[in-house]
Amino acid sequence: MTGLTRLKEAIERHRENKDINIKYKTPLTMTEKSEAVPGALPIGQNSPQKAPHGLYTEKLSGTAFTAPRNENQQSWLYRILPSSSHQNFQPVPDSSSQSLQSPSPSFGKHFNAIPNQLRWDPFDFDKEVSWIHSLHLIAGAGDPQMKQGVGMYIYAAGASMPEKTAFYSGDGDFLIVPQHGTLDIRTEMGNILVRPMEICVIPRGIRYHVKLHNEEPVRGYILELYQGHFQLPELGPIGSNALANSRDFQIPKASFIEDFENTEWTLYSKFGGNLFQAKQHHTPFDVVGWHGNYYPYKYDLGRFNTMGSISFDHPDPSIFTVLTAPSHGHGHGTAVADFVIFPPRWLVAENTFRPPWYHRNTMSEFMGLICGAYDAKGAGKGGFQPAGASLHNTMSGHGPDMQTYEKASTMELAPAKVGEGSMAFMFESVLMVGVTEWGLKTCAKVQEEYNDHSWGPLKVHWKNPGTRGLSNGEAQKGVGDGKDHSSVHDTK
Ligand SMILES: [Fe+2]
């Protein structure tokens with residue numbers, strides 16, 4: 001999969017979209033409008049005394065009313081019945097086939113913040129369960145009740161959600177990264193088909209139903225954002241195009257069901273980390289028209305216009321940011337969550353150690369692999385594999401394993417393409433990310449030898465220029481001899 005092939009495949013995926021209801025035109029944050037029936041949207045005002053065609057008007061606010069204009073997100077929905085029309089919510093018992101796998105009654109307490117580097121073997125498929133029950137909270141930080149933090153999930157489902165059910169998260173926006181299988185998602189605002197190599201974002205509160213496409217099991221990753229919303233990163237000196245371009249995001253067209261007589265739907269709500277259910281006598285998917293800038297959207301990673309060094313050294317991985325969610329409390333340029341990808345790309349930097357450098361980061365780095373082999377890590381069994389994951393927490397050292405270092409530091413540096421057929425990604429957060437009990441133990445996928453295998457075998461190449469002719473072992477002895485080897489350093 002060369003860069004060009006990657007784009008060609010994205011174009012093919014776009015053409016396959018003909019059978020679904022996708023609108024291709026979306027600068028994020030721009031107001032869009034969509035009518036499934038002509039005239040469903042009122043002209044010139046949002047809330048006329050009587051909405052067109054006997055519809056109800058409902059406003060969906062994704063930010064505070066008073067958020068600044070360039071951050072304000074809302075949509076106006078014109079629907080057959082308003083979403084308030086349902087019976088009381090009741091907690092979903094743990095015994096239910098729809099319950100959450102990772103309920104979180106004392107949310108802040110069940111994250112284990114540990115400084116070890118962690119890596120997981122590929123997560124299993126689960127053919128028995130549907131979307132809600134398939135959500136495994138693996139890591140995260142913060143608290144949805146405080147609208148602060150993130151949750152990271154692995155999902156693996158083998159069945160569609162039952163008919164006449166819908167789900168929403170009151171806790172945050174879901175950024176969904178399919179690794180296997182296609183999600184056929186009906187949202188209040190229309191349908192979205194999301195395949196591996198595509199991602200989608202379903203903002204907080206929007207109701208949806210997940211069906212498996214062609215009965216194929218699904219598996220993937222989710223980042224839930226408890227605060228704010230994703231946006232495109234600023235491009236600075238790069239200019240007005242590159243990375244993910246706003247023109248490539250896709251949103252659904254309005255599409256509705258008429259089901260409001262002698263019918264019963266179950267609405268599931270993830271709220272404060274717990275799951276609730278309510279019955280209602282009409283479908284939640286009855287929005288005939290909508291307009292606004294708060295909507296679900298998807299993006300094909302094959303369209304990402306990758307930038308990199310054409311002289312020496314490689315830029316920080318932030319150059320691969322697809323979407324970012326700023327954390328205003330942590331200072332300018334700091335994100336509560338960045339979604340970063342590592343696409344196939346040319347490496348041409350001269351006199352440069354081309355893999356990622358050894359690194360400690362104030363940000364936490366959770367990585368996953370959609371397909372192929374990541375260029376900085378050994379692949380195959382026991383390595384970093386598709387459907388697996390890794391976590392390098394705040395200030396936990398990480399970097400290439402021994403084999404990668406030895407090869408990259410001695411190889412001839414001809415232009416080379418890396419990441420062919422591969423797509424790794426990173427959820428990066430300023431927060432210290434903790435791991436759940438499921439992530440540490442229940443899933444039984446943690447590679448206990450990860451650190452030992454990766455960095456234990458690293459060789460000492462140090463040769464003390466002042467002790468000419470000593471072997472590595474002797475040089476090491478010299479360093480540890482208790483003598484002060486400090487000297488004045490020049491700036492390099
Ligand atoms: Fe790093």
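Values in this text are rule-based calculations from the coordinates and carry no lab data. As the structure is a prediction and not an experimental result, all values here were calculated from the model. Don't worry about glycine lacking a Cβ; one is built from the backbone with ideal geometry, like all the others, and counts go over all protein chains shown.
Take the alpha-carbon positions of region 306-454, form their convex hull, and give its projected area averaged over all directions (one quarter of the hull surface) in nm².
Orientation-averaged projected area of the Cα hull: 9.4 nm².
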Note, region 310-323: 3J(HN,Hα) by Karplus (6.51, -1.76, 1.60, θ = phi - 60°), whole Hz, Gly/Pro = x, goes 10, 10, 9, 6, 9, x, 4, x, 4, 5, 9, 6, 8, 9
With the dipole of the chain defined by +1 on each Lys or Arg Cβ and -1 on each Asp or Glu Cβ, the option from 139, 351, 465 whose Cα lies farthest towards the positive pole is 351
The ³J(HN,Hα) series, computed from each phi in region 33-44 with the Karplus coefficients 6.51, -1.76 and 1.60 at θ = phi - 60°, rounded to the nearest Hz and given as x for glycine or proline, is 9, 8, 10, 7, 10, x, x, 5, 8, x, 9, x
Residues meeting the amide H criterion for residue 179 (H placed from the backbone, H to H distance under 5 Å, 5 or more places apart or on another chain) are 219, 220, 221
Cross-link reach from residue 33 to aspartates and glutamates, straight Cα distance under 15 Å and at least 8 residues apart if same chain, gives 58, 188
Too long for a 30 Å Cα-Cα cut-off, among 8/441; 164/441; 298/417; 127/298; 147/377; 59/127, are 8/441; 164/441; 147/377; 59/127
Of all GluC sites (Glu not before Pro) in region 99-193, the ones in DSSP coil with at most 14 other Cβ atoms within 10 Å are 128, 163
The helix 3-16 Cα axis meets the longest alpha-carbon principal axis of the chain at an angle in degrees, between 0 and 90 and rounded to 10, of 10 degrees
The farthest towards the positive end of the charge dipole of region 306-454, of the residues 424, 310, 393, given +1 on Cβ of Lys and Arg and -1 on Cβ of Asp and Glu, is 424
Placing each pseudo-label 7 Å from Cα in the direction of the beta carbon, residue 50 and residue 30 end up separated by a distance in nanometres of 3.6 nm
Simple SL model, points at 7 angstrom along Cα→Cβ for residue 271 and residue 448; separation in nm is 4.3 nm
Under Stokes-Einstein, region 227-384 at 37 °C and 0.692 mPa s, with its Kirkwood radius over C-alpha pairs, diffuses with a coefficient in µm²/s of 165 µm²/s
Here the Cα Rg-to-2.2 N^0.38 Å ratio for the chain is 1.07
Two pseudo-spin positions, 7 Å from Cα along C-beta at residue 437 and at residue 402, lie apart in nanometres by 3.7 nm
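If I stretch the segment between residue 215 and residue 311 completely, what's the gain in nm (0.36 nm per residue apart, minus their alpha carbon distance), one decimal?
29.7 nm is the gain from fully extending residue 215 to residue 311.
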Non-local residues with an amide H under 5 Å from the amide H of residue 112, with H modelled 1.01 Å from N and Pro and chain starts lacking one, are 435, 436
Sorted by chain and then number, the residues having a modelled amide H within less than 5 Å of the amide H of residue 63, at least 5 places away or on another chain, are 73
Here the gain from full extension of residue 235 to residue 67, 0.36 nm per residue of separation minus their alpha-carbon distance, amounts to 58.1 nm
The aspartates and glutamates whose Cα lies under 16 Å from the Cα of residue 407, excluding any fewer than 8 residues away in the same chain, are 350, 375
Length gained if residue 328 through residue 360 is fully extended, taking 0.36 nm per residue and subtracting the Cα-Cα distance, is 9.2 nm
